[in-house]
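Take a look at the structure below.
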Amino acid sequence: MRILNFGSLNIDYVYEVDHFVKPGETLSSLSYSRNTGGKGLNQSVALARAGAEVYHAGKVGDEGVFLKDYLAESGVHVEHIFVTPVPTGHAFIQVEKTGENAIVLYGGANRAVGSQDIDQVLYRFEAGDCLLLQNEISSMEELMEKAYRRGMEIFFNPAPMDEQVLSYPLDKVGWFIVNELEGSILSGAQEPEDIPRAFMAKYPESRLVLTLGSRGAVYADRNTTIEMPACRVRAVDTTAAGDTFIGYFLASLTGGAEVRSALETAVQAAALCVTRPGAADSIPTAAEVAAFLPGRPG
């Protein structure tokens, strides 16, 4: 069983500023950094560091080849990352002194994924392999349909959530991994405790993993509900915590772990992630997660 992550690759341009730039204003930044980004990239890094065999598919421009190199150095198979004339997807991020941020996102090469790319990648995978998807690339409907017809098990993290997600062939999704907002929109339930029941009524053939931040996570299918409390840690930066959870959960599950054990490992990995600053660089290794002894809320 192999894992294919057909997902985004972004360059994050981060500027520390005294305040958000105003219309007509020219503002000097206090610092600048260029970082790896994209939910797809983060989740592939998490999968690889958790010990899974993961193949990343996606697109970058010439200036984004270093993202492909970063994934390869992290242990990800990168032969399905294509270089295109379209600029790499990127974000311009202002971070002001209170820690608040303002972001301008450009989809770029992530939005240039088409039928030919999908066919070129999927024919190398087969029934029983896993496909992990987020909502940051184009041609999602076609990708889901074709992967389903090949017999692949689809894991879908609908982030960032938008109205277009509701038009996707969601009946083809085997596993949904969602936060409270995404779960509420997809299920129609307003309260977090009502989401699992409402979700299973709407998607009875699927399985749900609902992440609840500091309150842990919940798994649900037609017959079972499993609650996993969060770990008690001092959070420094929550960036990539959700991506870390997803990578470790899927790696554990495909590695033969029971759902409860996979949830516990994922919760621990996410807890360790938030104790560190940064995005992909804050994702822990399997050895670090195994050695981590966080508290549990009382």
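Some points to look at:
- Selected residue (criterion: farthest from the chain's Cα centre (by Cα)) from residues of segment 189-213 that are basic (K, R) and within 21 Å of M228 (Cα to Cα): R197
- Number of the condition not met by G51 [criteria: (1) farther than 16 Å from C130 by Cα; (2) assigned to a loop (DSSP other than H, G, I, E, B); (3) touching a helix residue (DSSP H, G or I) at 6+ places or on another chain (Cβ under 9 Å)]: (1)
- Any hit, segment 89-100, residues being more than 20 Å from I283 (Cα to Cα), touching a helix residue (DSSP H, G or I) at 6+ places or on another chain (Cβ under 9 Å) and crowded, with 22+ Cβ neighbours inside 10 Å: yes
- All positions within segment 265-298 that are modelled with pLDDT of 90 or more and touching a strand residue (DSSP E or B) at 6+ places or on another chain (Cβ under 6 Å): V267, A280
- Residue list for segment 177-212, restricted to those being closer than 21 Å to A241 by Cβ, polar (S, T, N, Q) and surrounded by 22 or more Cβ atoms within 10 Å (Cβ to Cβ): T211
- First in segment 203-219 and more than 15 Å from E264 (Cβ to Cβ) and touching a residue at least 12 places away in the same chain (Cβ under 8 Å), second anywhere and surrounded by fewer than 20 Cβ atoms within 10 Å (Cβ to Cβ) and of a type in the set (S, T, Y), Cβ under 9 Å, 6 or more apart: G213/T238
- Those residues of segment 28-65 which are loosely packed, with under 13 Cβ neighbours inside 10 Å and not acidic (D, E), in sequence order: S28, L30, S31, Y32, S33, R34
- In segment 90-131, the residue that is farthest from T239 (Cα to Cα) out of those that are part of a strand (DSSP E or B) and of a type outside the set (A, V, I, L, M) is C130.
- Across segment 174-183, not a single residue is classified as more than 19 Å from the chain's Cα centre (by Cα) and of a type outside the set (K, R).
- Qualifying residue in segment 140-160 (condition: surrounded by fewer than 18 Cβ atoms within 10 Å (Cβ to Cβ) and among the aliphatic types (A, V, I, L, M)): no
- Selection status of E163, crowded, with 17+ Cβ neighbours inside 10 Å and either under 18 Å from the mean Cα position of the chain (by Cα) or farther than 19 Å from L4 by Cα (or both): no
- Yes/no for A266 being small (G, A, S), closer than 22 Å to E53 by Cβ and buried (at least 22 other Cβ atoms within 10 Å of the Cβ): yes
- Across segment 54-68, the qualifying residues are those that are charged (D, E, K, R), in a helix (DSSP H, G or I) and touching a residue at least 40 places away in the same chain (Cβ under 8 Å), and the one among them that is nearest to E126 (Cα to Cα) is K68.
- Residues within segment 229-271 that are assigned to a helix (DSSP H, G or I), in contact (Cβ under 8 Å) with a residue 24 or more places away in the chain and over 21 Å from L71 (Cα atoms), tallied: 8
- Filtered residues of segment 1-24 (kept if modelled with pLDDT under 95, touching a Phe, Trp or Tyr at 6+ places or on another chain (Cβ under 8 Å) and either part of a loop (DSSP other than H, G, I, E, B) or not hydrophobic (A, V, I, L, M, F, W, C) (or both)): Y13, Y15, E16
The values are calculated or read from the model by the stated rules, or taken from the named source; none is laboratory data. Just so we're clear, the structure is a prediction, and the values are computed from it rather than from any experiment. Every residue, glycine among them, receives a Cβ derived from its backbone with ideal geometry; neighbour counts consider all protein chains shown.
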